[in-house]
Amino acid sequence: MSSKKSDFGVFGLGVMGSSISLNIADKGYELSVYNRADSGEEEVVKNFISANADRPNIKGFTDLKLFIDSMARPRKILIMIKAGPAVDLVLNSLIPMLSEGDIIIDGGNSHYLNTKRRFDLAQSQGIEFIGAGISGGEEGARKGPSIMPGGRKESYAYVSEILEAIAAKDDFGKTCCTYIGPDGSGHFIKMVHNGIEYVEMQLLAELYGLMSKRMTNDEIAAVFESWNKGKLSSYLLEITILILRKKEGSSYLIDMILDKAGNKGTGSWSSKAAFDLGIPNTMMSAAVFARYISSFKEVRENMSKLVRTDSNMEQELNISILEKSYEFARLVNHQQGFKLMQQASESYGWNLDFSEIARIWSNGCIIKSHLMNILYKEFQTKEDLFEMETVNKALVKGESATREILMTALRSRFSLHCFSAAYHYWVDMTTERLPANLIQAQRDFFGAHTYQRIDAPESDFYHTKW
Ligand SMILES: NC(=O)C1=CN([C@@H]2O[C@H](COP(=O)(O)OP(=O)(O)OC[C@H]3O[C@@H](n4cnc5c(N)ncnc54)[C@H](OP(=O)(O)O)[C@@H]3O)[C@@H](O)[C@H]2O)C=CC1
Ligand SMILES: O=C(CO)[C@H](O)[C@H](O)COP(=O)(O)O
């Protein structure tokens, strides 16, 4: 074990913490790691250190004071623990033991408003606090995640070297870690990343469900594989191909997995943020609700006995139509996700750089895709996906394909939550007059909420005695 003071500390040796620790150690930094030694967890640090005995630059601790004393100042500590109250508990014990100017990075999926609150608390005690979204799962953390740090730019300067060294690299060799903006912006961006992730996953689940009516798992995987060679390629598509082909003995594992989707909350946080900011993020909420609906397995089982569930699909699926529709829905998903970040940037004065966000999402993270590279370039001159010519053309072309897919699904009694949310959003966003005039009339009728008129200036509000 090295006697040098450590360059960095990692608090929490769970899935993410242990992988990111090895990543940091591989880059040659002196590292201290800590995990609590509560009942059942006594061996975590010991096991980690003995499994990595060939890395003398890692020192393990279960004593918080020794962990803190082992680091060079200003100390830089990444906490990689379960999001929620545990983070407050850890900060309450950690902060009083630190010295002015030390830096805590919360790398978990914390809610951005909690990050803002914790930032203020840490600052009030002379401690720097960075809320860094980290994406890439276990493999990304080990080999190079995408990192989204938010906080004071001055404090980021102290940790940028290490964070940028461990992050993934984009197609141009640049690091997939960039300073995002003040207070909770890094965690906000990670939350939206996860919202987009929920939709990308749900779209693939809907395609798989629909295609399963006429195709085997291997046939679906073969179609996805051909798509993954071109502009639709993405990490989630890639892992879906592997999942569909995975066998346990002679059975496909996917066929044995219970159809109840779990969640840890970031998708619903994204949807709530969209509601609060007034952004129609219809696909994210559809994806969250689709997971919730799936969790009512018992109800579904019982109800399925009451209705005719014969949902055979008469017609062949047209793969090229499916492909166009998938492209269409993914574009709408990204449009909605980036719109949400734009609104947050404006409302909170974060001055976010969307080209940079797309760039750091082009590798290392769960939603990395070919599309992210396109968006990285497009956002250098455009502010909205609808303004991007190639995107617009694909959306116009994809509309009729999506309509066809939706009609096929309706006829086969199969729900496409996210595809239909994408379709209706696009149709409404490209329709000059919507029936919202009736909503306004109703509001005025029962609540004197007033309405505007098409034959008068928008600044004028009217009330009628209906
Ligand atoms: N897994 C993933 O793919 C990703 C996860 N994240 C986020 O990263 C964070 C860590 O996730 P992950 O590594 O998967 O989680 P794990 O469940 O594998 O590990 C959780 C860690 O938190 C520690 N912990 C929990 N409660 C407390 C507490 N009260 N006090 C001190 N330590 C505590 C655990 O310690 P102990 O061993 O003692 O229980 C453990 O080290 C989460 O916020 C997660 O949302 C972000 C991106 C991807
Ligand atoms: O942050 C992540 C990936 O980016 C985590 O894997 C996250 O837990 C996934 O969310 P959920 O568990 O709700 O599906």
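Brief remarks on what is shown
- Output for the range 245-262, where each listed residue is within 12 Å of ligand 2 (Cβ to nearest atom) and surrounded by 15 or more Cβ atoms within 10 Å (Cβ to Cβ): Ala261
- In this structure, Ile24 does satisfy being touching an Asp or Glu at 6+ places or on another chain (Cβ under 9 Å) and modelled with pLDDT of 95 or more.
- Some residue of the range 189-203 being more than 25 Å from Leu113 (Cβ to Cβ) and surrounded by fewer than 17 Cβ atoms within 10 Å (Cβ to Cβ): no
- The listed residue being more than 8 Å from ligand 1 (Cβ to nearest atom) and not charged (D, E, K, R), out of Ile81, Ile130, Ile134: Ile130
- Single condition Met191 does not satisfy, out of (1) part of a loop (DSSP other than H, G, I, E, B); (2) of a type outside the set (Gly, Ala, Ser); (3) within 16 Å of ligand 2 (Cβ to nearest atom): (1)
- Count of the range 427-454 residues which are among the polar types (S, T, N, Q), open to solvent by 60 Å² or more (accessible area, probe 1.4 Å) and touching a His at 6+ places or on another chain (Cβ under 6 Å): 0
- Applying the condition of being farther than 20 Å from Met201 by Cβ and of a type in the set (Gly, Ala, Ser) to the range 328-382 and asking which residue is surrounded by the most Cβ atoms within 10 Å (Cβ to Cβ) yields Ala344.
- Any chance Ile77 is closer than 27 Å to Gly364 by Cα and assigned by TED's automatic domain parsing to the domain that holds Val159: yes
- Considering (1) outside any helix (DSSP H, G or I); (2) touching a residue at least 24 places away in the same chain (Cβ under 8 Å); (3) more than 13 Å from ligand 2 (Cβ to nearest atom); (4) out of contact with any strand residue (DSSP E or B) (no Cβ under 9 Å at 6 or more places or on another chain), the lone condition that Leu232 does not fulfil carries the number (4).
- Every condition in (1) assigned by TED's automatic domain parsing to the domain that holds Ile81; (2) away from ligand 1 (no atom under 16 Å from the Cβ) holds for Ser3 except the one numbered (1).
- Only a single criterion out of (1) within 15 Å of ligand 1 (Cβ to nearest atom); (2) in a helix (DSSP H, G or I); (3) touching a strand residue (DSSP E or B) at 6+ places or on another chain (Cβ under 8 Å) is not satisfied by Val159, namely (1).
- Top-ranked residue of the range 100-136 - restricted to ones that are surrounded by fewer than 22 Cβ atoms within 10 Å (Cβ to Cβ) and within 16 Å of ligand 2 (Cβ to nearest atom), ranked as farthest from Gly14 (Cα to Cα): Asn114
- Tally of residues being within 13 Å of ligand 1 (Cβ to nearest atom) and more than 13 Å from Asp63 (Cα to Cα) across the range 24-40: 2
The values are calculated or read from the model by the stated rules, or taken from the named source; none is laboratory data. Keep in mind the model is a prediction, meaning the values are calculated, not measured. With ideal geometry, Cβ positions are generated from the backbone for all residues, glycine too; neighbour counts draw on all protein chains shown. Just the protein is used for accessible areas: all its heavy atoms, side chains included, with ligands, DNA and RNA removed. Shrake-Rupley method; radii C 1.70, N 1.55, O 1.52, S 1.80 Å.
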